[in-house]
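Step one of this worksheet: look at the structure below.
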Amino acid sequence: MARPLSDDRRNTIILAATELIAERGLGTSTADIAKHAGISNGSVFTYFETKTDLFNAIYCELKEELIETVLAAIPGDQDEKSQLRCFWSARTQWGVANPGKRKVLAQLHVSDKITDASRRAATVSATPILNLIGQVAMQGTLRAAPRGYVIELVEGMAGTTMDFMIVNPAMAKEASKAGFDALWRMLA
């Protein structure tokens, strides 16, 4: 009888892979990931059939962590501007607090290794956030723009703001506010 798989070991592999991808990029070998995790290379493939499967698991977990963080920060009983401000604050704070995870997520976002199923799962989880952005955008100059394009613009602005906040921590609060103000003017 096969021994059951350990959630702790699976999480250790994902953590090791995330750390190494942040440091070295998507070309990181599974042998290096296994070594960093303190396990045999074969153990990686016990938990993830392929390196692509590992990448998709990392993508899904990081997206879910980010989405849960942002959703928890958005109050349902406030106006759209207040909700969007809470989204923006939580989104940028998560990125600044987790620069390695943010870097890995950005690499995986543009990778052809991420399956449509993984992307759809993240989109479904993010539906309340995407709806909020879409509702606000329907009021402004981007109302006729494709929703996906609007989302990418928001992510681009968030990325630029987070980069500035990380390099200039003394100005982080001011940069986040300025970024939100620009976002609001762009969308509303």
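The values are calculated or read from the model by the stated rules, or taken from the named source; none is laboratory data. These numbers were taken from a predicted model, which means no experiment stands behind them. In this analysis, Cβ positions are derived from the backbone assuming ideal geometry, glycine residues included, and neighbour counts consider all displayed protein chains. We work out accessible area using only protein heavy atoms, side chains counted, and drop any ligands, DNA or RNA first. Shrake-Rupley method; radii C 1.70, N 1.55, O 1.52, S 1.80 Å.
Residues of segment 148-164 being in contact (Cβ under 8 Å) with a residue 40 or more places away in the chain and farther than 16 Å from Leu130 by Cα, which ones?
Gly159, Thr161, Met162
Taking the criterion of being over 23 Å from Ala122 (Cβ atoms), in a helix (DSSP H, G or I) and small (Gly, Ala, Ser), would at least one residue in segment 148-168 satisfy it?
no
What are the residues in segment 68-95 that are surrounded by fewer than 19 Cβ atoms within 10 Å (Cβ to Cβ) and under 26 Å from Gly25 (Cβ atoms), if any?
Across segment 68-95, the qualifying residues are Thr69, Gln93.
Looking at Glu49, Glu64, can you tell me which residue is of a type in the set (D, E, K, R) and either touching a residue at least 24 places away in the same chain (Cβ under 8 Å) or within 21 Å of Ala106 (Cβ to Cβ) (or both)?
Glu64
Would you say Leu20 is in contact with a Ser or Thr (Cβ under 6 Å, 6 or more places away or on another chain) and in a helix (DSSP H, G or I)?
yes
Looking only at residues in segment 165-184 that are free of Cβ contacts under 8 Å to residues at least 24 places away in the same chain, loosely packed, with under 14 Cβ neighbours inside 10 Å and not acidic (Asp, Glu), which one is nearest to Ala90 (Cα to Cα)? Spell out how you get there, then give the answer.
First, the residues of segment 165-184 that are free of Cβ contacts under 8 Å to residues at least 24 places away in the same chain: 167-171, 173-175, 177-178, 181.
Applying the additional criterion that residues be loosely packed, with under 14 Cβ neighbours inside 10 Å yields 167-171, 173-174, 178, 181.
Then drop every residue that is not not acidic (Asp, Glu), which leaves 167-171, 173, 178.
Working: Val167: 18, Asn168: 18, Pro169: 16, Ala170: 18, Met171: 17, Lys173: 12, Ala178: 15 Å.
If we take residues in segment 165-184 being free of Cβ contacts under 8 Å to residues at least 24 places away in the same chain, loosely packed, with under 14 Cβ neighbours inside 10 Å and not acidic (Asp, Glu), then Lys173 is nearest to Ala90 (Cα to Cα).
Suppose we filter segment 1-17 for residues that are touching a Ser or Thr at 6+ places or on another chain (Cβ under 9 Å) and within 20 Å of Arg102 (Cα to Cα); how many remain?
3
Confirm whether Thr28 is without any contact (Cβ under 8 Å) to a residue 60 or more places away in the chain and over 24 Å from Val110 (Cα atoms).
No: the conditions fail for Thr28.
Quick one: in segment 101-143, of everything that is open to solvent by less than 20 Å² (accessible area, probe 1.4 Å) and among the hydroxyl-bearing types (Ser, Thr, Tyr), which residue is farthest from Arg85 (Cα to Cα)?
My answer is Ser111.
Looking at segment 98-114, which of its residues are touching an Asp or Glu at 6+ places or on another chain (Cβ under 9 Å) and not in a helix (DSSP H, G or I)?
Within segment 98-114, just Asn98 meets the criteria.
Scan Asp79, Asp8, Asp32 and give me the residue that is more than 16 Å from Ala126 (Cβ to Cβ) and modelled with pLDDT under 95.
Unique residue meeting the criteria: Asp8.
Regarding segment 125-136, can at least one residue be identified that is touching a residue at least 12 places away in the same chain (Cβ under 8 Å), under 29 Å from Leu54 (Cα atoms) and not in a helix (DSSP H, G or I)?
yes
How many residues does segment 69-97 hold that are in contact (Cβ under 8 Å) with a residue 24 or more places away in the chain and either assigned to a loop (DSSP other than H, G, I, E, B) or under 26 Å from Asp7 (Cβ atoms) (or both)?
Adding up the residues that qualify gives 5.
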